[in-house]
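None of the figures in this text is laboratory data; all of them are computed from the coordinates on show. Note that the structure is predicted; figures quoted are calculated from it, not measured. Note that each Cβ is placed from the backbone with ideal geometry, even for glycine, and that neighbours are counted across all protein chains shown.
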Amino acid sequence: MVQQCSQQRPVQNSEVYVLRRVPSFPSVPPPSPPSPRTPPEDDCALAPIEALSLTQPNIAVCDKKLAFEERLSRAVHVLATETAALQDLTQLYSSDRLARDGFSRAVDAIVRRQGSDGGKLVVIGVGKSGHIAKKLVATFNSLAIVAVFLHPTEALHGDLGQISRRDTLLLITFSGKTPELLTLLPHLDRSLPLILLTAHTRPETCELVRQRPDTILLPAPVHEPETASFGVAAPTTSTTVALAVGDALALVAARELHACVASVFARNHPGGAIGASLRGGRRGRPREDVRALMVPLDQLGGLLPPQPRAGEEEGKQKGKGKETDGGSAPAPSPAPAPSPAPASASAASSAAASPTGLDILRAGYASPSGWVRLDARPRLHPSSPDQHRDHASGGNGAVVSPRRIRRLAAADMARPLEELRWLAVPRSDFVPVAADTSVQRAAEWIRGLRAATGDGGAYGDDAVVAVMERGECVGLVEVGRLLEEASGST
């Protein structure tokens, strides 16, 4: 019961409820606070937004660049292939005994026939090998090695007459079995040296060598077939190596035939830019060393046979007439014992045997270089009073330079050489200079000698410089010519 009463009493707590009227809010929102000031467009420079390109790249430009790279790549491949072939060729001639022996024998055959027998080199080829042959002929001739080109077909139709018994033959064929050469081979004189420039490195693999076992084999192989290198059998690498071996043959043979190959080439090639550069001087490239200025010894002229003097020819004819009149000549009577000749007569006889100024002038005009080399005479005894006369008259390898020949006057024409002591220059008065000395350095050295000695005669413009190579004199040049060249190149 008590519990029920307690449940019916009101509940008491501490919360207070306040009853008041709630105000109504307006339907329009209040104004927002002011925004910051926006700067005008002139206050800031905005970069324009690039338009996005949705088009394809230029296909033609890309194709052109790819074609350019492919073109250059192919060219570099050709150059690299031919370079590799030349490197293999160099290794072959550096180490292979058969190749080295063949090259040496080929040089011997050319030098021997050119030097002593006066023969020539006949180069035979057809097709691309024929073009290589023509180029090599031009190279040999420019180096003063006489060479001619012979087409094998034309040879069978009359041009075999170009070949003489003193010639050397050079056949060029990559395959070693060119039909035109095999047809020509039986008609070539077997006594003539035959050189074969071919791709074969062994004689047993070459058909031409099998038919002529005495052939000198000159290998020019390639490291890989041209079809493998370039996809076509066009002669490219094969002609390059053939030309390289031919050039080596020409230069080596020329150096063994001529004391100075550079001067020989300069004489045979006066035209064009090469000729201008070889001439040097103010308008051309200055020469590098004195070797290019010298006159080789084989270009020095000699004395000509003496011309009969007045009355000599008439006396000879009268003598012949006396011998023919009446059949045989009468027996000579015993001649009296000769009496000692006076000194004046002895001097006159000696003068008559000596060349005169006119003889030197004639020899200088006939000489291809203008130089005259006097015939060496036996060296007189050192105590002989005529020792100086022996030097002046041509003993001990004396020479006469062009400048000294031009100094001859009309009064010197009849005078004997020993009276013209200034004319001949004995070997002992030569000024030796190494062949590889530059022109400028040699000229400075000569000027220094002039200043140190004060002797304008021993080192004057008409003094003679001996160009020395390996301890031997290989050519001569005048001091004045040397100084002029040095002044012209500065």
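A few remarks follow.
- Were the residues from Arg421 through Ser438 laid out at 0.36 nm apart, the gain over their Cα-Cα distance would be 2.9 nm.
- Note, ³J(HN,Hα) from phi for segment 129-144, Karplus 6.51, -1.76, 1.60, rounded to Hz, x at Gly and Pro: 5, x, 5, 4, 4, 5, 5, 5, 4, 4, 5, 4, 5, 5, 9, 6
- If you sort the three axes of the alpha carbon gyration tensor as a ≥ b ≥ c, you get a/c of 1.5 or more for segment 65-268 and a/b above b/c, which makes it prolate.
- Cα gyration tensor shape of segment 209-270, rounded if a/c is under 1.5, else prolate or oblate by comparing a/b with b/c: oblate
- Each residue of segment 213-219 was assigned a 3J(HN,Hα) from its phi angle through the Karplus curve 6.51 cos²θ - 1.76 cosθ + 1.60 (θ = phi - 60°); the sequence is x, 7, 5, 8, 8, 10, x Hz, with glycine and proline shown as x.
- Asn268/Asp101 FRET efficiency (R0 30 Å; Cβ-Cβ; nearest 0.05): 0.45
- Under 5 Å, built H, 5+ apart or other chain: amide partners of Ala434: Met468
- Normalising the average separation of contacting C-alpha pairs (under 8 angstrom, six or more residues apart) by the number of residues puts the relative contact order of segment 65-268 at 25 percent.
- For segment 121-187: rounded, prolate or oblate by the Cα gyration tensor [a/c cutoff 1.5]: oblate
- What the phi angles of segment 458-473 give under the Karplus curve with 6.51, -1.76 and 1.60, with θ = phi - 60°, is a coupling list of 5, 10, x, 5, 9, 6, 10, 9, 8, 7, 9, 9, 6, x, 10, 7 Hz, glycine and proline written as x.
- Taken about its Cα centre, segment 65-268 carries a charge dipole of roughly 380 debye when the Cβ of each Lys and Arg holds +1 and the Cβ of each Asp and Glu holds -1.
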